[in-house]
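For reference, the structure discussed in these notes is given below.
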Amino acid sequence: MNTVSSYPPIKVGILGLGTVGGGVTRVLARNASEISRRAGRDILITHAAARNLDSTTANTTGIKLTQEGLEVVDDPEVSIIIELMGGYEPARSLVLRALANGKHVVTANKALIANHGNEIFAAARDAGMMVGFEAAVAGGIPIIKAIREGLAGNHLEWVMGIINGTANFILSEMRGKGRNFPDVLAEAQKLGYAEADPTLDIEGIDAAHKLTILASIAFGIPLQFDKVYIEGISRITRDDVANATKLGYRIKHLGIARRDEHGVQLRVHPTLIPQRQLLAHVNGVMNAVLVKGDAVGQNLFYGAGAGAEPTASAVVADIIDVVRTLTTDPENRVPHLAFQPDALSDLPVVPMDEIETACYLRLLALDRPGVLADITRILADCGIGIEAFMQKEAPATASVVPVVLLTNPVKEQRMNQAIAALEALDSIRAPVMRIRLDYLESD
Ligand code: HSE
């Protein structure tokens, strides 16, 4: 091994040897020499805890194995704990205990950081320890480092992105191959992209965890997962995907954090975006995050958002970061949430009702005269203009016809009123499908 330092190896303990844990052991073993040259010393996993050691794909050579996370966290030989268990407990307790034991922590656990990050970072500061969480957002894309360090000179205006690989994989397969939802989801689970509970992916909760973290480091606000507006992709049909294409758009599941004159918008929902935008061409499990800063303009970050080795790439980079800074003064490290802990802002989160977006509406209307007039009257009464209109021919035997509209930008509250009025019509079959639209212009 080509070690550049006479320092003894750093010993690392790992909690969880599932998909990502397996990837971390493989990447650390395969790239040991270069990693050692970058970190300044060798990095060895010496102790690992996993629930089911029979099914692991990890390279466990030289690793002491246990089923008890506490044994690893209390191991006096270990300096860094890698938490890859996922979920809240026992992950939270083990991370807090590791910090109290004087160990640095690296985690890929976005749910944990989004919900308990404020507590964990405070505990880390008290103990003088680091918590790396690059792998918690957008898998292999080093977006935390990019925002926290590379863009630190900017006033960041917005961050938006495709931050759930499973949802993007499903929408891409529905559009490209006309596949149905359950089939594609089963494949995403097999490939190790989906969460243990895939409703977290499909219903937008995983993306909301990641958006919470991005917004915090972009704007210097506390982690506020409970204030994110969340909508998933489970109601999107193949017809919606095809309609969007016909109108010149793609449906993407976006996380959007944007400063406006009222505060900060935090929202996750399916969104129509123009086909000409680069983000529209991010397909499969790939993620992309678009960041707008006042000085830099737009930056687009693209890469694999899930999977064993892309996520391991981020975990290992954090381990190297910790090792490199082991000798630095804890007061002068990069702050966990990019801004100094006593300089966080209390920017309010804008209520969803106040946010203005254009919308795609799909209605099922009875095939009879006057229905279209009713629809346009209701929209006009609510002050909503129509940008595009598409009425699909109904099969001869059907009594309802799909009607698709694109509206002008309108406040959410007013669109909710219009949808309620449309759904109250005898001639419209509820529910009306609404998908918000973003032109992704450079404002
Ligand atoms: N289930 C997540 C996704 C894994 O599909 O993006 C990476 O966080």
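The values are calculated or read from the model by the stated rules, or taken from the named source; none is laboratory data. Values in this document were obtained by computation on a predicted structure and should not be read as measured data. Please note: Cβ atoms are built from the backbone with ideal geometry, for glycine as well, and neighbour counts cover all protein chains shown.
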Looking at this structure, is Ala244 crowded, with 18+ Cβ neighbours inside 10 Å, small (Gly, Ala, Ser) and part of a helix (DSSP H, G or I)? yes
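Looking at the range 272-296, which of the residues that are under 25 Å from Leu347 (Cα atoms) and touching a strand residue (DSSP E or B) at 6+ places or on another chain (Cβ under 6 Å) is nearest to the ligand (Cβ to nearest atom)?
Val289
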Only one of these conditions is not met by Ser345: (1) among the small types (Gly, Ala, Ser); (2) buried (at least 18 other Cβ atoms within 10 Å of the Cβ); (3) within 26 Å of the chain's Cα centre (by Cα). Which number is it? (2)
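Given Gly153, Gly140, which one is modelled with pLDDT of 95 or more, in a loop (DSSP other than H, G, I, E, B) and within 12 Å of the ligand (Cβ to nearest atom)? Full working, then the answer.
Details: Gly153 fails: within 12 Å of the ligand (Cβ to nearest atom).
Unique residue meeting the criteria: Gly140.
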Which condition breaks for Asn332 when tested against (1) in contact (Cβ under 8 Å) with a residue 24 or more places away in the chain; (2) surrounded by fewer than 16 Cβ atoms within 10 Å (Cβ to Cβ)? (1)
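Could you grab me the full set of residues in the range 26-58 that are of a type in the set (A, V, I, L, M, F, W, C), touching a helix residue (DSSP H, G or I) at 6+ places or on another chain (Cβ under 9 Å) and closer than 22 Å to Leu70 by Cα?
The first filter runs over the range 26-58 and keeps only residues of a type in the set (A, V, I, L, M, F, W, C), leaving 27-29, 32, 35, 39, 43-45, 48-50, 53, 58.
In the following step, the residues that additionally are touching a helix residue (DSSP H, G or I) at 6+ places or on another chain (Cβ under 9 Å) were identified as 27-28, 35, 39, 43-45, 48-50, 58.
Ile43, Leu44, Ile45, Ala48, Ala49, Ala50, Ala58, listed by residue number.
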Against the conditions (1) of a type in the set (D, E, K, R); (2) at pLDDT below 95; (3) surrounded by 17 or more Cβ atoms within 10 Å (Cβ to Cβ), where does Asp206 fall short? Just the number, please. (2)
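Go through the range 348-372 and give me each residue that's more than 13 Å from Met415 (Cα to Cα) and either in the same structural domain as Lys227 (by TED's automatic domain parsing) or within 23 Å of the chain's Cα centre (by Cα) (or both). Outline the logic, then answer.
To start, the set of residues in the range 348-372 that are more than 13 Å from Met415 (Cα to Cα) comprises 348-351, 362-372.
Once the filter is applied, which keeps residues that are more than 13 Å from Met415 (Cα to Cα) and either in the same structural domain as Lys227 (by TED's automatic domain parsing) or within 23 Å of the chain's Cα centre (by Cα) (or both), the range 348-372 yields Pro348, Val349, Val350, Pro351.
Which one is farthest from the ligand (Cβ to nearest atom) among residues in the range 297-318 that are outside any helix (DSSP H, G or I) and small (Gly, Ala, Ser)?
Residues of the range 297-318 that are outside any helix (DSSP H, G or I), as a first pass: 297-307.
Those left that are additionally small (Gly, Ala, Ser): 297, 303-307.
Working: Gly297: 27, Gly303: 12, Ala304: 9, Gly305: 5, Ala306: 4, Gly307: 8 Å.
My answer is Gly297.
For the range 271-296: of the residues being small (Gly, Ala, Ser) and not in a strand (DSSP E or B), which is modelled with the lowest pLDDT?
If we take residues in the range 271-296 being small (Gly, Ala, Ser) and not in a strand (DSSP E or B), then Gly284 is modelled with the lowest pLDDT.
Just the residues that are of a type in the set (Ser, Thr, Tyr) and within 15 Å of the ligand (Cβ to nearest atom), please, taken from the range 168-217. Can you show your working first?
Of the range 168-217, the ones of a type in the set (Ser, Thr, Tyr) are 172, 193, 199, 212, 216.
Ser172, Tyr193, Thr199, Thr212, listed by residue number.
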